[in-house]
Amino acid sequence: MKRYTAAVVGTGRIGWTLGYDKKREQPASHVMALKNNSRIKLLAGVDSDSQTLSLFKKRNPLVKTYSSVQELFKNCSPDMVVVAVNESSHLSATLEVLKGRPRLVILEKPVALNLKEAAKIKAAAKKFGVPILVNHERRFAFDYNAAADYLSKIGAVQCVRANLFSGMKLYDPDAEESGAYSLLHDGTHLVDIVLFLLERLEKDGEKKGRALLKNPVVTGIFRDPKNKRIVRELCANYSSKFCPHVALFMSGRSRFFGFEVEVLGTEGRICVGNGYAKFYRRAESNLYTNFFSLSKDESVQLPKKTGYFSNMVQNAVDFLDGRAPLKSSLQTGINALAVLEEIKAAL
């Protein structure tokens, strides 16, 4: 079968080094996921930091290294190029990569710092005819896809609750140019996976995108006691056509990291988060006569690994083969960014 060539722009944490984290499910970085796929040959790594690039070269002696995107395309023409730089450099790096006209760009989330920058990326992608896959990893994970498939078994959806907990400041207007705040860095995952689930409830949901969440009300805003400009906690409440209540709770004052989504239906419940996925169905109660309770559905069997990174790269291969659409497109990434901007506007 045909093999595809690839290059990674940005050989930092998500680009490469998280592949050495012994606690994470591997592969956990773009480089490791690409090298793990037999259909892909990694040609090059690109980074403007000479020390980072030198270490990358030492660990990957058969892979070419370049200090800029321009230098990359002067020397090779990879089929796919990963953009895994810091959020503040997404726009400039992606625009340079698009000029090289690879067959596919894999863009690390979020798409950009804001919708204005995202629009420039979208325009350039159209101009150069280059499709973009956005790495909202949970769209590719077995556990979240099992949750989406299970929606049909829990009756009418009553509410969706999605929670994000971290110690990183949730929002800081002074960090707009760097993107160093959790609402953008982690909140993009939370919003995207909620949209992913809502897409399953509504026909052509991906195309409707942002419109799947309506009537926004942001409540419970908690500001940093030492700097009132910094937001540490909020709850964004929405409604949707097939779900009357969607609540996005985000905390930037927790002393732990957590990520979870709960979907409550009239006949069941889904709970999925980092490290767990639980499914419940309505059944005759063991506790009360003539009552029904929720009972854990043991029939749902999940693999030990979620496959989040491997499945993303395989989707890229399948797309280039012409056998599958992109499961996380530029538009779905922009949809998530639009919700985040709406939340920021209410702060």
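The values are calculated or read from the model by the stated rules, or taken from the named source; none is laboratory data. Predicted model, so just to flag it, every value in this text is computed and none were measured. As a convention, Cβ positions derive from the backbone with ideal geometry for all residues, glycine included, and neighbour counts pool all protein chains shown. Note: accessible area is taken over every heavy atom of the protein model, side chains too, but ligands, DNA and RNA are not part of it. Shrake-Rupley method; radii C 1.70, N 1.55, O 1.52, S 1.80 Å.
Scanning the chain for long hydrophobic helices, with DSSP H runs required to stretch 27 angstrom or more by C-alpha along their axis and to average at least 0.0 on the Kyte-Doolittle scale, returns nothing. Each Lys and Arg Cβ is given +1 and each Asp and Glu Cβ -1; about its Cα centre, the chain then shows a dipole of about 600 debye. For H245, the residues whose amide H sits under 5 Å from its own are V160, S240, ignoring neighbours fewer than 5 places away on the same chain, with H placed 1.01 Å from N. With all protein chains kept in place, the per residue accessible area of the stretch 225-347 amounts to 54 square angstrom at a probe of 1.4 angstrom.
Need one word for the stretch 235-347: rounded, prolate or oblate. Basis is the Cα gyration tensor (sqrt eigenvalues a ≥ b ≥ c); a/c below 1.5 gives rounded, then a/b vs b/c decides. Taking the square roots of the gyration eigenvalues as a ≥ b ≥ c, the stretch 235-347 is oblate. Once all protein chains are placed together, Y144 keeps about 10 Å² accessible to a 1.4 angstrom probe. Across H136, H189, the residue with the most accessible area heads the list, and the full order at a 1.4 Å probe is H189, H136. Between amide H atoms placed 1.01 Å from N, distances below 5 Å from I40 occur with Y4, all of them 5 or more places distant or on a separate chain.
Once C-alpha pairs closer than 8 Å and six or more residues apart are averaged by separation and normalised to the residue number of the chain, the relative contact order reads 18 percent.
Annotation for the stretch 295-319 versus the stretch 22-70: alpha-carbon center distance of 24 Å. Starting from the Cα gyration tensor of the stretch 44-201, take the square roots of the eigenvalues, sort them a ≥ b ≥ c, and report rounded, prolate or oblate (rounded when a/c is under 1.5, otherwise prolate if a/b is larger than b/c, else oblate). Prolate.
Of K57, K74, K122, K226, which has the most accessible area and how do the rest follow, probe 1.4 Å?
Descending order: K226, K74, K122, K57.
Taking amide H as placed 1.01 Å from N in the peptide plane, T65 has its amide H under 5 Å from the amide H of G45, each at least 5 places away in sequence or on another chain.
Overall, the anisotropy analysis places the stretch 1-81 in the oblate class: the square-rooted eigenvalues a ≥ b ≥ c of its C-alpha gyration tensor yield a/c not less than 1.5, with a/b not exceeding b/c.
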